[in-house]
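Okay, so here's the structure we're looking at.
The values are calculated or read from the model by the stated rules, or taken from the named source; none is laboratory data. Since the structure is predicted, the reported quantities are computational estimates derived from the model, not experimental observations. Cβ sites come from the backbone with ideal geometry, for glycine too, and all protein chains shown count toward neighbours. These accessible areas exclude ligands, DNA and RNA; they are computed on the full protein's heavy atoms, side chains included. Shrake-Rupley method; radii C 1.70, N 1.55, O 1.52, S 1.80 Å.
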Amino acid sequence: MNEFKNKFVNYIYLNQKLSKHTWFGVGGKAEILYIPDKEISLEEFLKNKPINCNLFTIGAGSNLLVRDNGINGVTIITSKLNKIKIGKDGIITAGCGAMDAQVARFARDHNRSGLEFLIGIPGTIGGGIKMNSGAFGSEFKDVLIDVKAINHNGQYKIFSNKDLKMDYRNIGLEKEWVFLSARFKTSYGTKDFIRNKMKEIIHSRKSAQPTGIKTGGSTFKNPPGKKAWQLIEQAGCRGLTNGAAMISEKHCNFIININDSTAQQIEELGEIVKQKVFAKSGINLSWEIERVGKK
């Protein structure tokens, strides 16, 4: 391990707290934390990593709950793989670590429309593809052309939109692949049109969702033909607490860390809500927030 650490001394850390890398602000330590600064560095890392070492990738940590006892193996944070560029054909290529809002603003600055909805998704491009994230009537599958990825052995592959089998908050791809960059289709639009559309999305999000606090985005997926928040409200869970974790009063499909909550308290609260919703409606909610690590 020491030999491995010395090889990547500038980018690898041992036993680092992951709470500062998630929006909830909770979670245990990463046994090994790696923050690559370029694709070739990640390739070399993957080819030299410890044998049979588990890998987990974090983007912005916005839709993620890291459990209190942390993550074994290697945790990769992609925040430095964030370059964005545009081709003559208007296709925008973004690194997996680029923030969604950053890509939306880049498109606006180049008079390219179609990516405005990204301003309302608090995450990275890699995470957005992994979940086929969506907001305000659009999803990643609507604008994605293809994705460049690398597997845990350091081998590259391009996946088309069709290859990914993108569905509601899900894609059909094995977990061994780490996204590196993606290409998006856009159309011409004036800056004023794009700017106004983005302002509407920002206003709508701020008026309907809790912002500027420790939360993890939408907690549960919408069941077919239903809204998760309505089911949660009907089950009497708005404002429900468990320790320092609380169901948002503003939008009850959001859990808030109100005062140094633990990951366990947050997860328990989610499970309590699931039980109450099932008892009221007979519907079993599915987690949208990804829960990882040791309890």
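Go ahead and estimate [θ] at 222 nm for the chain from helices alone: -39,500 (n - 2.57) per DSSP H run with n ≥ 4, summed, over the residue count, rounded to 500. Mind showing how you got there, number by number?
Numbers: 8 runs with 81 residues, N = 295.
Rounded to the nearest 500, it is -8000 deg cm²/dmol.
Extending 7 Å from Cα along the Cβ direction at SER207 and again at CYS53 yields two label points whose distance is 5.0 nm.
How charged is the neighbourhood of PRO210? Take every other residue with its Cβ under 11 Å from the Cβ of PRO210, and add Lys/Arg as +1 and Asp/Glu as -1. Net of charged neighbours comes to +3.
Judged by the gyration tensor of its Cα atoms, with axes a ≥ b ≥ c, the chain is oblate; a/c meets the 1.5 cut and b/c is at least as large as a/b. Over the chain, accessible surface divided per residue gives 48 Å², non-protein components excluded, 1.4 Å probe.
Note on TYR156 and ASP109: the model spin-label points, each 7 Å out from Cα along the C-beta direction, lie 2.6 nm apart. Summing Cβ point charges (Lys, Arg +1; Asp, Glu -1) relative to the Cα centre of the chain gives a dipole of roughly 380 debye.
How large is the dipole of region 65-153 about the Cα centre if only Lys and Arg carry +1 and Asp and Glu carry -1, each at its Cβ, rounded to the nearest 20 debye? If you can, show how the numbers build up before the last one.
Working: 11 positive and 8 negative charges, 59 e Å.
I would put it at about 280 debye.
In plain terms, the chain from LYS17 to GLU200 could stretch by 62.2 nm, reckoned as 0.36 nm per residue minus the Cα-Cα distance.
Rolling a 1.4 angstrom probe over the chain with all protein chains present gives an accessible area of which 46% lies on carbon and sulfur atoms.
With each label modelled as a point 7 angstrom along the Cα→C-beta vector, the ASP37-ASN72 pair spans 3.3 nm. Figure legend: label point modelled 7 angstrom from the Cα of LYS185 along Cα→Cβ; residues of region 134-157 with amide N under 15 Å from it are 139-147.
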